[in-house]
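Novice: After the structure tokens below, expect a handful of questions from me.
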Amino acid sequence: MAAAELPDAGPLIVLVSTRAVLTLSDDTLILSPATIAASPVTGKIVSVTAEVLPESGLPPGSVYVDHSPKLLLPGLVDAHVHLNEPGRTEWEGFWTGTRAAASGGVTTVVDMPLNAIPPTTTLGGFEEKLRASRGQCWVDVGFYGGVIPGNAHELKPLVEAGVRGFKGFLIESGVDEFPAVSSKDVALAMDTLKDSATTLMFHAEMVPAEADGAQQAAPSGDLTAYRTFLDSRPPSYETRAIEEILSLAHIAPSLHLHIVHLSATQCIPLLKAARAQGVNITAETCFHYLGLSAEEIERGDTRHKCCPPIREGKNRDGLWEELVAADSCIKTVVSDHSPCTPELKLLPEHLRKAPEPTPAAHQDDRKASSGDFMAAWGGISSVGLGLPILHTAAKQRSSSSVKAPTIMDMVRLCCQATAAQVGLAHRKGALRAGMDADVCVFDDAEAWTFAQGDMRWKNRCSPWEGRAFTGRVRETWLRGRKVFELGTGRDGFVVEEPFGESITETRTV
Ligand SMILES: [Zn+2]
């Protein structure tokens with residue numbers, strides 16, 4: 001279509017580039033030149049043209065920015081973050097967590113129901129969370145509800161109130177107020193939600209003998225050796241949990257079941273077999289399982305601790321293979337951004353560079369020494385770093401014989417499918433007319449090293465520190481307004497106040 005055919009309804013925001021990842025009407029992704037016109041009034045994309053149109057002919061007052069040859073991508077939808085507010089705001093908060101997201105092209109995050117106090121396991125808890133988020137969000141924020149023993153009566157009200165899905169743990173969660181569920185609880189949650197448009201998600205690790213009353217064995221060995229921790233949470237924990245979930249799936253045949261942060265490749269055949277039999281189950285994996293490996297984790301470097309653990313390089317390669325397979329059961333890649341204070345990370349002195357915040361009220365009582373992998377808090381900070389991580393790893397993989405993921409794969413995994421996972425595919429995760437004008441401007445050629453000063457989350461501690469990346473987010477646009485531009489404004493932020501919204505619309509799919 002020609003410039004003259006651009007919608008004639010007042011000034012427009014027009015972003016163009018010789019390279020953009022566009023979503024066609026049948027959901028196919030294409031790499032193409034593009035002219036994306038958005039309405040500053042509605043914040044929606046009004047037209048997408050698969051060529052670079054000139055500036056001339058636009059309505060008076062329009063803004064026209066040519067980003068060639070940088071990539072225009074849909075804003076990322078990170079469907080798994082822990083913002084920890086209210087209640088554990090010394091770990092993270094809406095303000096800092098969403099600033100980190102915005103700085104990395106992420107325009108929507110979905111907050112997990114645990115680690116805030118109260119957790120989002122009741123309607124009251126959800127309302128408290130919404131109040132805490134007000135005026136603090138630099139990107140749009142959706143919310144998950146939690147499934148814990150005894151809260152089945154809260155699940156439907158949470159669906160109505162607009163949670164994007166639910167999460168439960170089959171192993172201890174690490175915080176007392178979010179206990180693990182039994183098989184009976186899972187069955188009840190499935191029965192309660194079986195006719196709802198929602199997703200029931202599981203932290204799928206389970207101590208294999210737990211059903212017989214056995215406890216997780218205390219680890220033996222050097223607690224500062226990563227291997228000790230890795231051996232304490234073997235792949236069988238993940239497969240055991242998935243078997244348990246699949247054994248109950250018949251209770252809710254149409255309910256979407258989802259495995260969060262899948263780590264072990266041994267789970268893949270189980271999920272594929274179930275899907276082949278018609279079970280509506282998917283999985284996500286995380287940036288750290290795709291960009292890091294157990295072999296490279298140094299003694300005592302607890303920044304790498306997360307659950308389930310980062311496994312060996314061979315496992316990482318298996319995850320990549322599945323991700324690019326045509327019928328992959330791993331549909332999405334998310335950050336599982338889950339920070340804590342450096343004290344809880346028990347990082348050894350030589351790895352600490354940040355000024356230490358004062359110990360917090362929620363410092364727990366575990367007596368542990370620095371570098372103790374078993375006692376350190378499990379969680380990795382990475383919201384906003386996903387594109388550089390995937391792009392860099394993909395580039396490295398393109399030199400191997402395995403099929404390397406393309407930029408379209410990354411958009412599928414981090415934008416399109418994550419939006420669908422949380423019931424937001426009608427407005428997020430695609431550059432297409434009618435969608436929210438959420439745009440990430442990505443320079444896929446820029447080489448840079450991630451330093452502590454680049455971290456915008458509250459506690460500047462991450463295993464990605466010091467990593468060399470190829471590809472960097474230059475700008476982030478949220479609903480037609482530029483929020484972030486690297487190297488300008490105040491630390492890159494170019495609007496005075498955050499205007500991210502809490503997403504509470506009820507899911508319809
Ligand atoms: Zn998580």
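The values are calculated or read from the model by the stated rules, or taken from the named source; none is laboratory data. Just so you know, these numbers come straight off a predicted model, no measurement behind them. We place every Cβ from the backbone using ideal geometry, glycine too, and count neighbours over all the protein chains shown. Accessible surface is based on the protein model in full, side chains and every heavy atom, while ligands, DNA and RNA are left aside. Shrake-Rupley method; radii C 1.70, N 1.55, O 1.52, S 1.80 Å.
Novice: Mind grabbing the accessible area of residue 32 for me, 1.4 Å probe, Å², rounded to tens?
Specialist: Answer for residue 32: close to 10 Å² accessible.
Novice: For residue 64 and residue 127, FRET efficiency with R0 = 56 Å and r from the beta-carbon atoms, rounded to 0.05?
Specialist: FRET efficiency, residue 127 to residue 64: 0.85.
Novice: Could I ask something else about it? Compute the normalised compactness of region 75-421: alpha-carbon radius of gyration over 2.2 N^0.38 Å, N being the residue count.
Specialist: Output field value: 0.93.
Novice: Something else: Can you spot the lysines whose alpha carbon is less than 17 Å from residue 482's alpha carbon? Ignore those fewer than 8 places along the same chain.
Specialist: Straight-line reach from residue 482, under 17 Å: 44, 70, 428.
Novice: Let me ask something else. What angle, in degrees between 0 and 90 and rounded to the nearest 10, separates the Cα long axis of helix 183-193 from the longest principal axis of the Cα atoms of the chain?
Specialist: 30
Novice: Give me the percent of the accessible area of the chain that comes from carbon and sulfur atoms, probe 1.4 Å, all protein chains in place.
Specialist: Taking all protein chains in place, the chain shows 53 percent carbon and sulfur surface.
Novice: Let me ask another. Give the percent of DSSP beta bridges with both residues in the chain that are antiparallel, rounded to the nearest 5.
Specialist: Antiparallel bridges make up about 50 percent of those DSSP assigns within the chain.
Novice: With r as the distance between the Cβ atoms of residue 399 and residue 44 and R0 = 51 Å, compute the FRET efficiency 1/(1 + (r/R0)^6) and round to 0.05.
Specialist: According to the calculation, E is roughly 0.80.
Novice: Continuing with this model, one more query. How much area per residue is accessible in the chain when the probe is 1.4 Å and only protein heavy atoms are counted (Å²)?
Specialist: 36
Novice: Sticking with this structure for a sec: Sort 485-497, 71-83 by the packing proxy (mean of other Cβ within 10 Å over each peptide's residues), most packed first.
Specialist: In descending order of packing, they fall as 71-83, 485-497.
Novice: Be a star and scan region 404-438 for residues whose amide nitrogen sits under 20 Å from the point 7 Å along the Cα-to-Cβ vector of residue 31.
Specialist: 404-417, 430-432, by backbone N distance to the label point.
Novice: What distance in nm separates the two pseudo spin-label positions at residue 280 and residue 187, each 7 Å out from Cα along the beta-carbon direction?
Specialist: A separation of 2.1 nm, rounded to one decimal place.
Novice: Expressed as a rounded percentage, what relative contact order does region 75-421 have, with Cα pairs under 8 Å and six or more residues apart?
Specialist: Worked out over region 75-421, it gives 17 percent.
Novice: How large is the accessible surface of residue 154 in square angstrom, using a 1.4 angstrom probe and rounding to the nearest 10?
Specialist: Result for residue 154: roughly 40 Å² accessible.
Novice: Still on this structure: From largest accessible area down, sort 299, 311, 481; use a 1.4 Å probe on the protein chains.
Specialist: Of 299, 311, 481, the descending order of accessible area is 299, 481, 311.
Novice: Taking the highest mean first, how do the peptides 174-181, 54-61 order by number of other beta carbon atoms within 10 angstrom per residue?
Specialist: Put in order of decreasing packing, that is 174-181, 54-61.
Novice: Want the number for residue 349 to residue 153: 0.36 nm per residue separation, take away the alpha-carbon distance, what's left?
Specialist: In short, 65.8 nm is gained.
Novice: Could you state the angle between the C-alpha long axis of helix 123-133 and the longest principal axis of the C-alpha atoms of the chain, as a value from 0 to 90 degrees rounded to the nearest 10?
Specialist: 50
Novice: Report, in whole Å, the centroid distance computed from the Cα atoms of region 239-279 and region 315-337.
Specialist: Region 239-279 and region 315-337 have Cα centres separated by 15 Å.
Novice: Related question: Using heavy-atom solvent-accessible surface (probe 1.4 Å) with all chains present, what is the largest-first order of 374, 112?
Specialist: So the residues, ranked largest to smallest area, are 374, 112.
Novice: Let me ask another. If each residue of separation counts as 0.36 nm, what is the full-extension length gain between residue 55 and residue 452 once their alpha-carbon separation is subtracted?
Specialist: 139.0 nm
Novice: Another question, then. Which FRET efficiency value, to the nearest 0.05, is calculated for residue 247 and residue 432 with the Förster distance at 41 angstrom and r the Cβ-Cβ distance?
Specialist: Step by step, r from the Cβ atoms, then E = 0.55.
Novice: Related question: Between residue 497 and residue 254, what is 0.36 nm times their sequence separation minus the Cα-Cα distance? Round to one decimal in nm.
Specialist: 83.3 nm
Novice: Which angle from 0 to 90°, rounded to the nearest 10, does the C-alpha axis of helix 235-248 make with the longest principal axis of the chain?
Specialist: Long axis of 235-248 versus the principal axis of the chain: about 80 degrees.
Novice: Next up: Run lengths n ≥ 4 of DSSP H only: what is the helix-derived mean residue ellipticity at 222 nm for the chain, with -39500 (n - 2.57) per run over all residues, to the nearest 500?
Specialist: It lands at -6500 deg cm²/dmol.
Novice: Residue 19: accessible area at probe 1.4 Å, nearest 10 Å²?
Specialist: 70
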